[in-house]
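Read the structure below first, then the notes.
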Amino acid sequence: MSLTLISHFYNESFLLPYFLRHHVPMFDQGVMINHASTDDSVDIIRRLAPGWEIVDTALECFDAERNDREVESHEKRFPDTWKLVLNTTEFVLHPDLRGFIRHHEGNNASCIWMKDFAIVDTIAEQHEDVTDAPLWTQREHGFDAHSVRSRMIHRWECGEYALGRHSSHRWRKGLELLNDQLVLAWYGWSPMSRCRPRKLQIQDRIPATDKAWRRGAEHIQTPESLQAEFEKFAA
């Protein structure tokens, strides 16, 4: 049994060290898709995940639909592995992922959806920075996302994802598939001292068509609207 992690990144020099230190020991191989980063993200990956691939995206901008199809093209390169696609803000929490997957593989499972939680700073800690310790040991305030942000680990050729990859045309998640022993923590609103610039930077790479359809709406923000949305979740 082999485990493959695929992710895409754009100027993630803050989150990548946390993401890689957490996930590299859990997976046999990884593919990191670079969306024209201009910071030291590539050097961080080379240092912390020296055996993982870094590939340049074929996309000229961050088109949500085409991004999902590009991710699937990389999944197809690993037909005999369990595959998981994550954003850099997402962390899989389980003490023995390999043993967990092996158990379900023995029961003929081909797909497992994760129980998802959104991590949100409190109002009081929104300006506080974090240390190099694992993020999940420093920030744990948030809420049950009720499968809206769930991710799927699977052993199909590809995930056949609906837009955003939180669902699949092949097998939509449901209560019978959601396994609360496997947790996904989404650091979309934490730590806010670092989230603010991250959320605002990507909108320059979102095409006009996606903006018109409000795809990736959480990134199409002003500093003021972003703060208002954060306070709504933090309340």
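In the set [x] 18.3; [y] 19.4; [z] 20.5, which value of Kirkwood radius over Cα pairs in Å was calculated from the structure you see?
Matching entry in [x] 18.3; [y] 19.4; [z] 20.5: [x].
For n ≥ 4 DSSP H runs only, could you compute -39500 (n - 2.57) per run for the chain, divide by its residues and tell me the 222 nm figure to the nearest 500?
-8000 deg cm²/dmol
Residue by residue through segment 126-138, which ³J(HN,Hα) values in whole Hz follow from phi under the Karplus form 6.51 cos²θ - 1.76 cosθ + 1.60 (θ = phi - 60°), with glycine and proline marked x?
Couplings: 5, 9, 7, 8, 10, 8, 7, 5, x, 4, 5, 8, 10 Hz.
Counting Lys and Arg as +1 and Asp and Glu as -1, each charge on the Cβ, what is the dipole of segment 74-207 about the Cα centre in debye, to the nearest 20?
With only Lys, Arg, Asp and Glu charged at Cβ, the dipole is about 540 debye.
Just for the Cα atoms in segment 8-127, what are the lengths along the principal axes, largest first, rounded to whole Å?
44, 41, 30
How large a share of the accessible area of the chain, in percent, is made up of carbon and sulfur atoms when the probe is 1.4 Å and the other protein chains stay in place?
52 percent
Using the Kirkwood radius built from alpha carbon pairs, what does the Stokes-Einstein equation give as D for segment 103-188 at 4 °C and 1.567 mPa s, in µm² per second? Numbers along the way, then the final one.
Numbers: Rh = 14.5 Å.
After rounding, the answer is 89 µm²/s.
Working with all protein chains in place, sort TYR187, TYR10 by solvent-accessible area computed with a 1.4 Å probe, largest first. Write down the numbers at each step before the final one.
Details: TYR187 5, TYR10 45 Å².
So, going from the largest accessible area down, we get TYR10, TYR187.
Can you compute the equivalent ellipsoid semi-axes for segment 47-95, i.e. the square root of 5 times each eigenvalue of the Cα gyration tensor, sorted largest first and rounded to whole Å?
The equivalent ellipsoid of segment 47-95 has semi-axes of 20, 15, 14 Å.
Against the 2.2 N^0.38 Å scaling, with N counting residues, where does segment 85-129 land? I'd like the Cα-based Rg ratio to two decimal places.
Here the Cα radius of gyration is 1.67 times the empirical estimate.
The values are calculated or read from the model by the stated rules, or taken from the named source; none is laboratory data. In this text the structure is predicted, and so the values were computed from the model without any measurement. Note that we place each Cβ from the backbone using ideal geometry, even for glycine, and neighbour counts take in every protein chain shown. Calculation scope for accessible area: heavy atoms of the full protein, side chains included, ligands and nucleic acids excluded. Shrake-Rupley method; radii C 1.70, N 1.55, O 1.52, S 1.80 Å.
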